[in-house]
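These notes concern the structure reproduced below.
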Amino acid sequence: MCSLALFPPPLPSGQTTLCESNNELLSGTSTEDRPKQVRFTAAVITTLCVFCRTAFLDHSETLWMRSAAAWRDGGLTGLLTEITNSHTEVPKWLSVSSGCTLALLRWISSFHGSLFPHLTLSSEDMIAEFSQVLNWSDCVVRAFSWHPHTDKFAVALLDDSIKIYNPKSATTPTLKHRLQRSVAAVQWKPLCASALAVACQNCLLVWHVDPCSLSTRPSSGCAQVLSHPGHSPVTSIAWSPSGSLLVSASPVDTAVMVWDVAAESCVPLQRLGGGGVTFLSWSPDGSHVLASTPSTLFRVWETRMWTCERWPCVKGRCQSGCWSPDGSRLLFTVQGETVIYALTFTDAPGSRLYSVFIHASGDELIMLDLSASVGGEIQSLSWDPRGERLAVLLKGDPQAVDRPAIIAVFKTRTNPIFELLPCGFVQGEPGAEPRLMQFHPNFQHGALLTVCWSTGRITHVPFYFLSTGVPHFGLSGSPLLPRLQERPSAFANQSLFTELIS
Amino acid sequence: MFSTEQSCWFVRKVICWRAAASIAWAVLLLPPITAVFIILSRFSFLHPIHTISECLSLLTSASAIFSFILLCGVILMVGFLNLEYYTVIPTIACSKIALLGQLLHPRQFVSSVVHCIMGIIVAWCCAITIGGRYETLGYPCIQSDGSPQMCLNEYQLILLLAGAFVGFSHSLLGVIHNMNYVSFHTVQQYKYLRFKGSLPLVVKCSAIQALYSIRNYIVVYFFLGYIPRAWICKTLNLHLTSSAHPLDSIAGLLDLSLFYHLWISATFLLFTWYITLLLFRIFVTEVYSFPVQSSFTEDAHQCLPKVLLTDKQPMILKFLALQDLALLSQHSPSRRCEVFSLSQPGGHPHNWNAISGECLSLLADLTQRLVAYHDTVATNGRAKSLSTGSERKTSSETSVTSGTEDLMSPRPTLLMKTPASVFARSIVGGPQSPLTAPFTPDLDSPFASPALRRLTAPVEQCSPWHGTVQSPHIMRRAPKLWSTSTDSQVNGSFPPSPASVPSPKQEASKPSLLAQFLQNRKEQVLHFVTDQNYNVILPEASSQALFADSQAHIWALEGLSYLVQASFSEDHFGVVQTALPSILSCMLVLQEAVDRHFKLPHASSKPVRSTSSIGDSTYKTLRFALRATLKTAIYRITTTFGDHLNAVQMSAEHRKRLQQFLEYKE
């Protein structure tokens, strides 16, 4: 059992987390230390710190145009949704009646709709509810994905465009498509240089962005449209690590779709119960897929014969989950609880461990007499590809001013026993709240956490350490990083958590 | 030598049992389907309880049991036809005339007739179960002059003819949509789950297809219905009542209840047949696990390397073996270990050599085909007009050869297999022997040797069915599409080619000069007919036909790349290392050919997907799947080995290409 109470206190306001070095999280004030931060990241990868607040397109199309587009894209439900959403422009009776019809249609379309209240949400609300992004609907960066093999990433923005940043090329392609609306997730295809899957409101798009191309606006002909009736909005996607299959999930559809992208064919894996699928995560070894549902139930699919195990939760739905690099351990969180659970998969069937590990509630933290208490429910989890750092995005408390959303980072070890040790909090500029985070898939010097902030800034926080699992040749234990000249005196007394590790 | 008995063992021990199991399940599913049909056909909203009790009494009646036995017989027949007609490589008609040829083929004709008869039987059973006005063909009536006699009940007649029509259209659509094509799924599922998953689709497809068929049938009956009616009246000595409306009038056909009964009967008919087909597909494509090596010599021919190597076998055996290879290379470390193992006395990696050699020869074969196709096809997607008279003759000769004699004579593709055995026997000279030219890293243009040109014989002809099933004029399209020029070149440059190549062509011309003569006449007639715009080759179809058997190549690529990836940590003896240059160069050459092919205007156009058909359209997108798999396979090797690949011997051009992959720029 490990709790946030063991953490070092959060930084005072105005301090920004820069990096981890020598088992310490270094910080600096946001204004004067900015160059340092850039230099830090620049030493590792060329400047990737981008600012993606863009000018948003005005919603200036007429109602008729939008209705026609909605009819074309989404059929009757699309039309009704459009009319319901634009209630300021249509007569009240029309919007109300179409809203009612829509609710009725949804209710009829899945007979267990009455059991699952999430089916009455509109699709945007549904994405916001089940997305891994904190406050998805007003977030500037709606989705983020590192390429699994090279230093490039894709960012989906609030105006439904996707930008691809590559430090090695001057061009940043912008992807726009008629069907690319309300992007909930993006992911690059493994073992491929160009394919990017995008989960949209009505369909799945797979872009093929030629890395050698100089064009900044790839045409919509570069995108494959994958859609299946009744499978929208898509809130989560996951590529198989071998790059052969893509799975997608929608909270309205009880089936998980397994796509053969090249052939544009899909196999629905239908299981009743749960009322939909909200979040998918493929284990790094490719053997299991986590599929959580809007009700208090999640499934773990085995990918050889595609059978599944049901795991009922006690309190709420499974909000997020992540796999250890060898695919043997699954960490997940449950909505309404401030606890991270761990599931261990071993080769022998029946020997499953389901154990409570971490308490992340803020109440215990208050006992530490901090100026700002932190904690709250967990929005998302992210485990670095070497399995040494675990980042937890805590929602905070939107009502309380002094409990903002924050990222807590744990040090983890899987051998010989599973251990979690506190590392520290990652904080941004004052007023900036973390919305989305992801670890770089192959960072040479440790782990690199990329955080998208509510201000639209994307920063990279490197964690420099020597991996215990990977043998190092000719290195005497000192991390490979450019040292800071001035070292705060606090570094002198080593943290007591390092002693816990040894 | 053992190949004949081997094909026997697989068909006898596996395929037949699988087919039998699928038919048994279809028969077992028949009672519930029939019960649902009875309830749906007789249900009335006014008397629900009365209906149900009536249905129950009907289900136990003698006539119901008799018709049930008849239905079982029909299911058995459908299952047998499925087993007889199924194919794992679709026949793709490249032109309209070829499609017409397929439709008019005698074998197809037999199938249509059988389907018609079965349709009538099922419709008769439906008429018995629906009862009421459909029950009998004749009924006693009183003519206007007062004399009692038997009159024709047109309601039953229209139902029986509907059955025949639906059966006939089912068999025609089967040809057009390639319904006998059995595709393999990328997602492995248990049989029950697969069945459950595709059941809604089958219900939807059968209902929609029945609706279309009945619509067409009503139109046909409106115009031509009097012919069968008059014929039946004459042969069975029945009379037409003057009081009743004839049904081939607008008033007679505007009967909603009649339409509903026709539709529900057609749906029942199609549903039972589709279910049989679906079960057959599910059972026959189930993964079969071949042993990698056996400790008993009598089982040696059932081992994976041997099964992959031999040619004269049902194509499904090869497909299942390749599927098993792809799966074992991904999922099973213990079986991979057997692949990498050395033979006990001698220490030769026979398993790996056989498997990799066969996969490479498959891939090289596809490369050859693509290059030859690219040479024959002009950039506008149409065939170049190089079919002069003499060449046409040779192509027809070869097609006849490949159609009949190739089954008996050693096929030239066997040449592709010899390198592997040579390779296995003599490690020293193996990789550099001239026959393995396409796989050696230093010879990057494998198309130089005329002997190898000869090997472009399309795989489609190799399958025993295609050899026997198709009429020569359908067969003709295959060589004409992509090997006409190569064949003629081979004829030109045959003498200098190695003496070891047997000359099946010369032998082939001996057997029957008369047949040859007739064949040539037929060709000339057809040439005249087809020179018009009927024979416009559909460019996309030709591209589909080129990749028709690419599922095998996809598995070969997956199997090879996963094995190479696993060899990085699991191959203790380094057996894979020796083959790495040839694997890489083979993949890169194929990549180049595929890239060139996709530059053709028609190749990258996506086919329209129809979801409302039970026919499997996977073959239409196989080329895209192959392209994606090929790239992934190369990336899998480059990401695993990384910079170590710089130590691999390779030509400069390939190294450049590989560098692109290492930098993730492809």
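The values are calculated or read from the model by the stated rules, or taken from the named source; none is laboratory data. Note that this is a predicted model, so its numbers are computed, not measured. Note that we place each Cβ from the backbone using ideal geometry, even for glycine, and neighbour counts take in every protein chain shown.
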- line: Just one listed residue, out of B:Phe271, B:Phe259, is surrounded by fewer than 19 Cβ atoms within 10 Å (Cβ to Cβ) and either at positive phi or in a helix (DSSP H, G or I) (or both), and it is B:Phe259
message: Quick test of your reading of the structure: B:Ser604 fulfils all but one of (1) within 18 Å of A:Ser265 (Cα to Cα); (2) touching a residue at least 60 places away in the same chain (Cβ under 8 Å). Name the failing condition by number.
response: (2)
query: Given the residues A:Thr254, A:Thr296, which is the only one that is in contact with a strand residue (DSSP E or B) (Cβ under 7 Å, 6 or more places away or on another chain), within 24 Å of A:Ser123 (Cβ to Cβ) and touching a residue at least 40 places away in the same chain (Cβ under 8 Å)?
result: A:Thr254
Criterion violated by B:Ile142 - all others in (1) touching a helix residue (DSSP H, G or I) at 6+ places or on another chain (Cβ under 9 Å); (2) at pLDDT below 95 satisfied: (1)
- request: Assess whether A:Val206 counts as being farther than 18 Å from B:Arg627 by Cα, within 21 Å of the chain's Cα centre (by Cα) and of a type outside the set (Gly, Ala, Ser).
  value: no
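Okay, residues lined up against (1) modelled with pLDDT of 90 or more; (2) farther than 15 Å from B:Ala556 by Cα; (3) within 25 Å of the chain's Cα centre (by Cα):
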site	(1), (2), (3)
B:Val339	yes, no, no
B:Gln344	no, yes, no
B:Ser361	yes, no, yes
B:Ala364	yes, no, yes
task: Take the range A:154-198 and flag every residue that is of a type in the set (Phe, Trp, Tyr) and within 13 Å of another protein chain (Cβ to nearest Cβ).
output: A:Trp188
- prompt: Of the numbered conditions (1) within 13 Å of chain A (Cβ to nearest Cβ); (2) more than 36 Å from the chain's Cα centre (by Cα); (3) closer than 30 Å to B:Leu309 by Cα, B:Gly642 satisfies every one except a single condition; which is it?
  reply: (3)
Number of positions in the range A:251-264 that are at the interface with chain B (Cβ under 7 Å from one of its Cβ atoms) and part of a strand (DSSP E or B): 2
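Residue-by-condition table, conditions (1) in a loop (DSSP other than H, G, I, E, B); (2) aliphatic (A, V, I, L, M):
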| site | (1), (2) |
| --- | --- |
| A:Phe144 | no, no |
| A:Pro148 | yes, no |
| A:Ala156 | no, yes |
| A:Thr172 | yes, no |
| A:His177 | yes, no |
| A:Gln180 | yes, no |
| A:Gln187 | no, no |
- line: Filter the range A:85-115 for residues that are at pLDDT 80 or above and hydroxyl-bearing (Ser, Thr, Tyr); the one that is surrounded by the most Cβ atoms within 10 Å (Cβ to Cβ) is A:Ser98
query: Can you tell me which residue in the range B:140-156 is nearest to B:Cys205 (Cα to Cα), limited to those that are free of Cβ contacts under 8 Å to residues at least 24 places away in the same chain and part of a loop (DSSP other than H, G, I, E, B)?
result: B:Asn153
statement: Filtering the range A:191-221 down to residues that are touching a residue at least 40 places away in the same chain (Cβ under 8 Å) and either acidic (Asp, Glu) or touching a Cys at 6+ places or on another chain (Cβ under 7 Å) (or both) yields A:Trp207, A:Val209
query: Do you know which residues across the range A:433-464 are closer than 17 Å to A:Ser380 by Cβ and assigned to a loop (DSSP other than H, G, I, E, B)?
result: A:Glu433, A:His440, A:Pro441, A:Ser454
message: Exactly one condition in (1) within 14 Å of chain A (Cβ to nearest Cβ); (2) surrounded by 14 or more Cβ atoms within 10 Å (Cβ to Cβ); (3) among the hydroxyl-bearing types (Ser, Thr, Tyr) is false for B:Tyr221; which is it?
response: (1)
- prompt: So which residues in the range A:265-281 are under 25 Å from A:Cys322 (Cβ atoms) and within 14 Å of chain B (Cβ to nearest Cβ)?
  reply: A:Leu269, A:Arg271
query: Are any of the residues in the range B:182-196 away from chain A (no Cβ under 14 Å) and either closer than 26 Å to B:Phe37 by Cα or surrounded by 14 or more Cβ atoms within 10 Å (Cβ to Cβ) (or both)?
result: yes
message: Being polar (S, T, N, Q) and either without any contact (Cβ under 8 Å) to a residue 24 or more places away in the chain or more than 30 Å from B:Arg627 (Cα to Cα) (or both) is the filter here; which residues of the range A:257-293 pass it?
response: A:Ser265, A:Gln270, A:Thr278, A:Ser292, A:Thr293
query: Which of (1) within 13 Å of chain A (Cβ to nearest Cβ); (2) surrounded by fewer than 21 Cβ atoms within 10 Å (Cβ to Cβ) is the odd one out, the single condition B:Phe624 does not satisfy?
result: (2)
Filter result (assigned to a loop (DSSP other than H, G, I, E, B), within 14 Å of chain A (Cβ to nearest Cβ) and surrounded by fewer than 19 Cβ atoms within 10 Å (Cβ to Cβ)) within the range B:645-666: B:Glu663, B:Lys665
message: Yes or no: the range B:319-342 includes at least one residue that is outside any helix (DSSP H, G or I), more than 14 Å from chain A (Cβ to nearest Cβ) and not β-branched (Val, Ile, Thr).
response: yes
message: I want to confirm something. Restricting to the range A:285-297 and keeping residues that are assigned to a loop (DSSP other than H, G, I, E, B) and more than 14 Å from every other protein chain (Cβ to nearest Cβ), which single residue is nearest to A:Trp188 (Cα to Cα)?
response: A:Thr293
- line: Note: among B:Leu172, B:Leu159, B:Leu100, B:Leu137, just one is more than 23 Å from B:Phe268 (Cβ to Cβ) and either surrounded by fewer than 18 Cβ atoms within 10 Å (Cβ to Cβ) or touching a residue at least 40 places away in the same chain (Cβ under 8 Å) (or both), namely B:Leu100
- line: Only one of (1) closer than 25 Å to A:Val206 by Cα; (2) in contact with an Asp or Glu (Cβ under 9 Å, 6 or more places away or on another chain); (3) surrounded by 21 or more Cβ atoms within 10 Å (Cβ to Cβ) does not apply to B:Ser585, and that is (1)
Those residues of the range A:401-419 which are of a type in the set (A, V, I, L, M, F, W, C) and surrounded by fewer than 20 Cβ atoms within 10 Å (Cβ to Cβ), in sequence order: A:Val401, A:Ile417, A:Phe418
